[in-house]
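The values are calculated or read from the model by the stated rules, or taken from the named source; none is laboratory data. Values in this document were obtained by computation on a predicted structure and should not be read as measured data. Note: ideal-geometry Cβ built from the backbone for every residue, glycine included; neighbour counts use all protein chains shown. In case anyone asks, the SASA skips ligands and DNA or RNA and just uses the protein heavy atoms, side chains included. Shrake-Rupley method; radii C 1.70, N 1.55, O 1.52, S 1.80 Å.
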Amino acid sequence: MAWILLIVSGFMETAWAISLEKSEGFSRLWPSVGFLVALALSMAGLGYALRTIPVGTGYAVWVGIGAVGTALAGMLWLGESAAVSRIVCLLLIVAGVVGLKVFH
(Lines give C-alpha, C1' and ligand atoms only; values in the text may rest on other atoms or scores of the structure.)
Protein backbone atom coordinates (compact mmCIF):
# COMPACT_ATOMS: atom_id res chain seq x y z
CA MET A 1 0.00 0.00 0.00
CA ALA A 2 2.85 2.41 0.82
CA TRP A 3 4.32 2.02 -2.67
CA ILE A 4 0.98 2.74 -4.34
CA LEU A 5 0.55 5.83 -2.19
CA LEU A 6 4.09 6.93 -3.00
CA ILE A 7 3.43 6.61 -6.73
CA VAL A 8 0.17 8.56 -6.48
CA SER A 9 2.00 11.21 -4.45
CA GLY A 10 4.60 11.46 -7.22
CA PHE A 11 1.82 12.15 -9.71
CA MET A 12 0.45 14.77 -7.33
CA GLU A 13 3.89 16.39 -7.43
CA THR A 14 3.49 16.68 -11.18
CA ALA A 15 0.02 18.16 -10.68
CA TRP A 16 1.24 20.83 -8.27
CA ALA A 17 4.17 21.75 -10.47
CA ILE A 18 1.95 22.22 -13.52
CA SER A 19 -0.63 24.10 -11.42
CA LEU A 20 2.12 26.35 -10.13
CA GLU A 21 3.12 27.23 -13.68
CA LYS A 22 -0.50 27.78 -14.70
CA SER A 23 -1.15 30.01 -11.67
CA GLU A 24 1.12 32.66 -13.20
CA GLY A 25 2.72 33.61 -9.89
CA PHE A 26 -0.46 32.89 -7.90
CA SER A 27 -2.35 35.53 -9.88
CA ARG A 28 -4.98 33.04 -11.12
CA LEU A 29 -7.35 31.61 -8.50
CA TRP A 30 -8.17 28.08 -9.66
CA PRO A 31 -4.66 27.00 -10.67
CA SER A 32 -3.46 28.42 -7.31
CA VAL A 33 -6.10 26.38 -5.46
CA GLY A 34 -5.14 23.32 -7.52
CA PHE A 35 -1.51 23.89 -6.56
CA LEU A 36 -2.33 24.00 -2.84
CA VAL A 37 -4.55 20.91 -2.94
CA ALA A 38 -2.08 18.86 -5.00
CA LEU A 39 0.82 20.00 -2.81
CA ALA A 40 -0.98 19.00 0.38
CA LEU A 41 -1.95 15.59 -1.04
CA SER A 42 1.54 14.99 -2.39
CA MET A 43 3.26 15.81 0.89
CA ALA A 44 0.74 13.89 3.00
CA GLY A 45 1.10 10.82 0.80
CA LEU A 46 4.89 11.02 0.88
CA GLY A 47 4.86 11.37 4.64
CA TYR A 48 2.58 8.38 5.06
CA ALA A 49 4.61 6.22 2.65
CA LEU A 50 7.83 7.05 4.50
CA ARG A 51 6.46 5.25 7.56
CA THR A 52 7.46 1.97 5.89
CA ILE A 53 9.72 2.93 2.97
CA PRO A 54 13.25 4.17 3.75
CA VAL A 55 13.47 7.94 3.33
CA GLY A 56 16.28 7.87 0.74
CA THR A 57 14.45 5.42 -1.50
CA GLY A 58 11.01 6.96 -1.00
CA TYR A 59 12.11 10.51 -1.60
CA ALA A 60 14.13 9.60 -4.70
CA VAL A 61 11.20 7.67 -6.19
CA TRP A 62 8.77 10.51 -5.37
CA VAL A 63 11.04 13.15 -6.93
CA GLY A 64 11.75 10.93 -9.94
CA ILE A 65 8.07 10.40 -10.68
CA GLY A 66 7.38 14.10 -10.22
CA ALA A 67 10.31 15.20 -12.36
CA VAL A 68 9.58 12.81 -15.21
CA GLY A 69 5.85 13.52 -15.07
CA THR A 70 6.38 17.27 -15.06
CA ALA A 71 8.88 17.12 -17.93
CA LEU A 72 6.53 14.94 -20.00
CA ALA A 73 3.58 17.23 -19.30
CA GLY A 74 5.71 20.17 -20.38
CA MET A 75 6.60 18.41 -23.60
CA LEU A 76 3.07 17.23 -24.35
CA TRP A 77 0.98 20.23 -23.31
CA LEU A 78 3.21 23.24 -22.70
CA GLY A 79 5.28 23.30 -25.88
CA GLU A 80 8.61 22.39 -24.29
CA SER A 81 11.30 20.71 -26.34
CA ALA A 82 10.95 16.96 -26.86
CA ALA A 83 14.49 16.49 -28.12
CA VAL A 84 15.87 12.97 -28.14
CA SER A 85 18.54 13.97 -25.62
CA ARG A 86 15.84 15.11 -23.14
CA ILE A 87 13.89 11.89 -23.58
CA VAL A 88 17.04 9.81 -23.04
CA CYS A 89 17.70 11.70 -19.81
CA LEU A 90 14.14 11.07 -18.64
CA LEU A 91 14.59 7.36 -19.40
CA LEU A 92 17.71 7.39 -17.24
CA ILE A 93 15.67 8.84 -14.37
CA VAL A 94 13.03 6.13 -14.86
CA ALA A 95 15.77 3.47 -14.84
CA GLY A 96 17.08 4.87 -11.56
CA VAL A 97 13.62 4.88 -9.97
CA VAL A 98 12.98 1.30 -11.10
CA GLY A 99 16.38 0.29 -9.78
CA LEU A 100 15.65 1.82 -6.39
CA LYS A 101 12.40 -0.14 -6.19
CA VAL A 102 13.99 -3.41 -7.37
CA PHE A 103 16.92 -3.16 -4.96
CA HIS A 104 14.80 -1.94 -2.04
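When region 10-25 is filtered for residues that are polar (S, T, N, Q) and assigned to a helix (DSSP H, G or I), the ones remaining, listed by number, are THR14, SER19. All conditions but one from (1) in a loop (DSSP other than H, G, I, E, B); (2) at pLDDT 95 or above apply to ALA73; the one that does not is (1). If you take the residues of region 1-54 that are within 22 Å of VAL98 (Cβ to Cβ), among the β-branched types (Val, Ile, Thr) and under 14 Å from the mean Cα position of the chain (by Cα), which of them is least open to solvent (accessible area, probe 1.4 Å)? Restricting to residues being within 22 Å of VAL98 (Cβ to Cβ), among the β-branched types (Val, Ile, Thr) and under 14 Å from the mean Cα position of the chain (by Cα), the top hit is THR14.
Residue pairs whose Cβ atoms lie under 8 Å apart, sitting 6 or more positions apart in sequence or on different chains, and linking a residue in region 91-104 that is open to solvent by 100 Å² or more (accessible area, probe 1.4 Å) to a partner that is outside any helix (DSSP H, G or I), are HIS104/ILE53; HIS104/PRO54. Scanning region 57-72 for residues that are open to solvent by 50 Å² or more (accessible area, probe 1.4 Å) and over 12 Å from SER9 (Cα atoms) yields a single hit, LEU72.
Yes/no per residue for (1) of a type in the set (Asp, Glu); (2) touching a Phe, Trp or Tyr at 6+ places or on another chain (Cβ under 8 Å); (3) in contact (Cβ under 8 Å) with a residue 12 or more places away in the chain:
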| site | (1), (2), (3) |
| --- | --- |
| GLU24 | yes, no, no |
| VAL33 | no, no, no |
| LEU39 | no, yes, yes |
| LEU46 | no, yes, yes |
| ALA49 | no, yes, yes |
| TYR59 | no, no, yes |
| ALA67 | no, no, yes |
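The single condition from (1) within 18 Å of LYS22 (Cα to Cα); (2) part of a helix (DSSP H, G or I) that GLU80 fails is (2).
Yes/no per residue for (1) farther than 27 Å from ALA82 by Cα; (2) among the β-branched types (Val, Ile, Thr); (3) out of contact with any His (no Cβ under 8 Å at 6 or more places or on another chain):
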{"site": "PHE11", "(1), (2), (3)": "no, no, yes"}
{"site": "ILE18", "(1), (2), (3)": "no, yes, yes"}
{"site": "ALA38", "(1), (2), (3)": "no, no, yes"}
{"site": "TYR48", "(1), (2), (3)": "yes, no, yes"}
{"site": "GLY58", "(1), (2), (3)": "yes, no, yes"}
{"site": "VAL61", "(1), (2), (3)": "no, yes, yes"}
{"site": "VAL68", "(1), (2), (3)": "no, yes, yes"}
